[in-house]
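Here is the structure we will look at.
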């Protein structure tokens, strides 16, 4: 999109748009509005005041436009401006959606509706300083007056307005779509629209089927070039040595990491039970969202310290009185601002080459981040000549340069690898750079060799049950060759087709999230559709390749002796049903075992809990032990300074879960965990303890006991997942 643009959508709302054609189960209007809503929601999501939208409906039951109502011109009946040009919010989007319904009219002229849109654009911005566009969506059944098409095309060209005509079931030979049994009126209208588009300097004519199909292709957000550095690139110290090299360069980001849109915590706000407004706060500011009103959640924290003289044994302290503390083992070491200042590394803005390495000695997997682009300073011939000579010198020497880079004063130091690009291939001379790791970033791991087994005595075995034999090696080699994606298909010229071109591999998380947000914004009640096929393409190997490699896959299965893993056996041995001696004697007591325990201490909770369960003779004793253990867990969390006692509490929970699984009493654990979750998330345990829940309980696999783990449980896997969230 341009920096500033206005788009007016002109949509046919006649009664013929309520019909379904060509095997579709949705009406022509719903089919066409899939494209329109997608484009409008993109603009709303951007929340930029310089991107404006207008909406004109023709074949409406009413007439709401200036040319008919104010200027009293004929030929503009049943045309309504449903949305004046302006920035669109979520509230206005949903209001517009309620207005876009098929009517009972059919006599309006679509060309007149286009003229209304032109007048709106001319009135909104008469100085032609923004990108302006009219998008016409129709099924071509309404009769048009084609006598003024030449004049209208001239107006489009004079105002520099782009015209896009997208017809529902219009023929498109390039796309390969043709509607059979088309009415004569529709054929004539198609030709008239196509002639109008051809006479416009900036016009597009297409069929809606292609436009809807292309909606599944993710749209990449273009990013403006951002200058990260503007200063000298040096080799040596120019202030000390006359032979040092220095020339002025500019560094821009070549690639930038994309991330999924972030969410903000909001709360439904009700103004005295009457009007509601919804606000969504993002990184760029506030943008109204429409529907039920949401307001941003404001967080307020209070800090307390133990004070026996204060009411309740605690008193409030101001944030300014607090000092940072870092854990050193089990001890908290206070760290003031003066102490923190000495940890900062004082740096100056600089870009200095510190060495060179050959091409063949560098491994690409060492790349640490985003790619940068280095060019000479604009309008500086000396810098252009110096950087060009340096680039060609690197290229001739088959070498990369290694540079120390500080973007600005007090910034962190980066080590960059500079790659020469002479422009022989793409006619663009520059240096590309990528960050390199420091020694602390490298993690070295040693793995046992794959082709031999080393015994404890130091001998080497070439044949072993863990080593592949020759048949397995041959089967794997044939399988890899058969699954080669580079040769899985050919194009019309017989050349191999790349299965995964770089510009067609999209991040499914980002684009699926955007798809879901757009769908929910336009229609909050309808279910979100399935992910686009292009996002799922690389989640599984192509069927054509699998069919081609069917023989090799079978040979590999036989050679590797692969067998299906049996399903996990249901049920397990219950400690509650342990076999008791026929004599009825307490063997543990006779052998000097521990006496029956009535209480569990927090200092030795786990052994005493197990002893209490082992000596239990009825369910009441087990419930008592679980209750005591639960209180110990809650006390550990409540008394924990930050997360000091979280690990101990999680360990106690894990033992409790394991023991109750053995006793086949999951309801006790599930009941305790539900109550604990409520206390953790509500702040009952002396502050914000959500980290204990998400990191130690959910992350540690200590969730509810499900039917899959124990048949007697009444919790399904889906309920457990929902509970964890």
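The values are calculated or read from the model by the stated rules, or taken from the named source; none is laboratory data. Please read these numbers as outputs of a predicted model, since none were measured by experiment. Neighbour counts are summed over all protein chains in view; Cβ atoms, including those assigned to glycine, are modelled from backbone coordinates with ideal geometry.
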Restricting to the stretch 364-385, what's the tally of residues that are surrounded by fewer than 10 Cβ atoms within 10 Å (Cβ to Cβ) and at pLDDT below 90? 2
Going through the stretch 421-446 in order, the residues found to be farther than 23 Å from residue 348 by Cα and in contact with a strand residue (DSSP E or B) (Cβ under 6 Å, 6 or more places away or on another chain) are 421, 430
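Looking only at the stretch 21-41, how many residues end up being out of contact with any helix residue (DSSP H, G or I) (no Cβ under 7 Å at 6 or more places or on another chain) and assigned to a helix (DSSP H, G or I)?
Within the stretch 21-41, the first condition is being out of contact with any helix residue (DSSP H, G or I) (no Cβ under 7 Å at 6 or more places or on another chain), and the residues that meet it are 22-23, 25-26, 30, 33, 36, 39.
Narrowing the set further to residues that are assigned to a helix (DSSP H, G or I) leaves 30, 33, 36, 39.
Qualifying residue count for the region: 4.
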Provide a single number: the residues in the stretch 362-384 that are over 27 Å from residue 257 (Cβ atoms), free of Cβ contacts under 8 Å to residues at least 12 places away in the same chain and either touching a strand residue (DSSP E or B) at 6+ places or on another chain (Cβ under 9 Å) or not in a helix (DSSP H, G or I) (or both). 2
Only residues in the stretch 216-231 that are in a strand (DSSP E or B) count as the first member; pair them with residues that are surrounded by fewer than 14 Cβ atoms within 10 Å (Cβ to Cβ) and at pLDDT 85 or above, Cβ under 9 angstrom, at least 6 apart or cross-chain, and list the lot. 229/408
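Identify, from the list 181, 213, the residue that is modelled with pLDDT under 90, over 41 Å from the mean Cα position of the chain (by Cα) and surrounded by fewer than 14 Cβ atoms within 10 Å (Cβ to Cβ). Full working, then the answer.
Working: 213 fails: over 41 Å from the mean Cα position of the chain (by Cα).
Only one candidate passes the filter, namely 181.
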If residue 300 meets every condition in (1) modelled with pLDDT under 85; (2) assigned to a loop (DSSP other than H, G, I, E, B); (3) surrounded by 13 or more Cβ atoms within 10 Å (Cβ to Cβ) apart from one, which number is that one? (3)
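Table: residues versus (1) farther than 20 Å from residue 165 by Cβ; (2) buried (at least 19 other Cβ atoms within 10 Å of the Cβ); (3) in contact with a strand residue (DSSP E or B) (Cβ under 8 Å, 6 or more places away or on another chain).
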{"residue": "55", "(1), (2), (3)": "no, yes, yes"}
{"residue": "62", "(1), (2), (3)": "yes, no, yes"}
{"residue": "76", "(1), (2), (3)": "no, yes, no"}
{"residue": "79", "(1), (2), (3)": "no, yes, yes"}
{"residue": "98", "(1), (2), (3)": "yes, no, no"}
{"residue": "108", "(1), (2), (3)": "no, yes, yes"}
{"residue": "111", "(1), (2), (3)": "no, yes, no"}
{"residue": "126", "(1), (2), (3)": "yes, no, no"}
{"residue": "130", "(1), (2), (3)": "yes, no, yes"}
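May I ask you to say which residue of 617, 552 is part of a loop (DSSP other than H, G, I, E, B) and either at pLDDT 60 or above or touching a helix residue (DSSP H, G or I) at 6+ places or on another chain (Cβ under 9 Å) (or both)?
617
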Condition met for residue 674 (exposed (fewer than 15 other Cβ atoms within 10 Å of the Cβ), within 34 Å of the chain's Cα centre (by Cα), in contact (Cβ under 8 Å) with a residue 24 or more places away in the chain and more than 26 Å from residue 607 (Cβ to Cβ)): yes
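From 155, 114, grab the single residue that is under 16 Å from residue 53 (Cα atoms), in a helix (DSSP H, G or I) and touching a residue at least 12 places away in the same chain (Cβ under 8 Å).
On the way: 155 fails: under 16 Å from residue 53 (Cα atoms).
None of the others qualify; the one that does is 114.
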